[in-house]
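In what follows, a structure is listed as structure tokens, so that the remarks can point back to it.
Laboratory data are not the source of any read-out in this text; all were calculated from the coordinates shown. What you see is a predicted model, and the numbers here were worked out from it, not measured in a lab. Neighbour counts run over all protein chains shown; Cβ positions are idealised from the backbone, glycine included.
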Amino acid sequence: METVRRKSLLYRSGLGFWCLNHVQGCAHGCRYPCYASLMARRYGRAKDEADWRRPRRVENAVELLERELSRRRERLDVVHLCLTTDPFMFGYPEVAATSLALVARLNAHGVRASVLTKGLLPMELAGERFDRRNVLGISLVSLDEGFRRRFEPGAAPYAERIAALGRLHAAGCRTLVHVEPYPTPNIVKQDVRSLLEAVAFVDELYFGGWNYSPLAGAYGDRDAFYREQARIVRAFCRETRIRGTVDA
Ligand code: SF4
């Protein structure tokens, strides 16, 4: 796998939380589209889609994180992995190994990690060197593999993604499912209840609509559709006592 070197790693995102991205590019190649890919192409960090899907690991990421955490006066509470790449990129064990090392460094400094992936969360995250307050999450907007091949072509199959999360939950880890961008019926016909049932074991759930694509905007009853999905998700979270956040 190719590598790059960086001068800094930790930063506060425009969304207000701290995060780090230790890979440039992402092999998952999501076509919602992926905002990070659009930005990388606009600012010259990727030439085109193929270039974006050729990930380069930041070879000095662990060293940078250690230095930045040691020099901070104020301790961070939580750091998110990742906003512009995927920390457990499917089929890239080098990326997963670096992510584990980074989460371990964060936890050793008393900083929690929040992790979100469309890959497979490894069981190592349930190990003793990791903080049980970490939040381990997967993105999941469908159970339809046809949809995945079309919109998340390089990401892990849904059943494997859910199974990996379930194993960590069973081992006592705090788990989350991020259901965004949830597709409208003109993109894929599905019942949100089946998706919710498949991840009914999680501790936290986030649900959001598909806000930045003309595809979803073209669906005539878009607002009514999301109102109804939001109602179903809220009711499900109440019944199952999952901590739910609905933004749709
Ligand atoms: S997993 Fe995330 S970073 Fe990677 S292509 Fe998909 S949306 Fe972009």
Tell me, yes or no, whether the range 115-124 has at least one residue that is in contact with a Lys or Arg (Cβ under 8 Å, 6 or more places away or on another chain), within 12 Å of the ligand (Cβ to nearest atom) and charged (D, E, K, R). yes
Please enumerate the residues belonging to the range 168-185 that are over 19 Å from the mean Cα position of the chain (by Cα) and under 18 Å from Cys30 (Cα atoms). Thr184
It is to be established whether one or more residues within the range 85-92 are part of a loop (DSSP other than H, G, I, E, B), in contact with a helix residue (DSSP H, G or I) (Cβ under 8 Å, 6 or more places away or on another chain), within 16 Å of the ligand (Cβ to nearest atom) and small (Gly, Ala, Ser). no
Members of the range 84-99 found to be surrounded by 19 or more Cβ atoms within 10 Å (Cβ to Cβ) and among the hydrophobic types (A, V, I, L, M, F, W, C), listed by number: Phe88, Met89, Phe90, Val95, Ala96
Could you list all residues from the range 20-49 that are of a type outside the set (Ser, Thr, Tyr), without any contact (Cβ under 8 Å) to a residue 40 or more places away in the chain and within 13 Å of the ligand (Cβ to nearest atom)? Cys34, Leu38, Arg41, Arg45, Ala46, Glu49
Go through the range 97-116 and count every residue that is in a strand (DSSP E or B), more than 12 Å from Leu76 (Cα to Cα) and either among the β-branched types (Val, Ile, Thr) or in contact with an Asp or Glu (Cβ under 9 Å, 6 or more places away or on another chain) (or both). 2
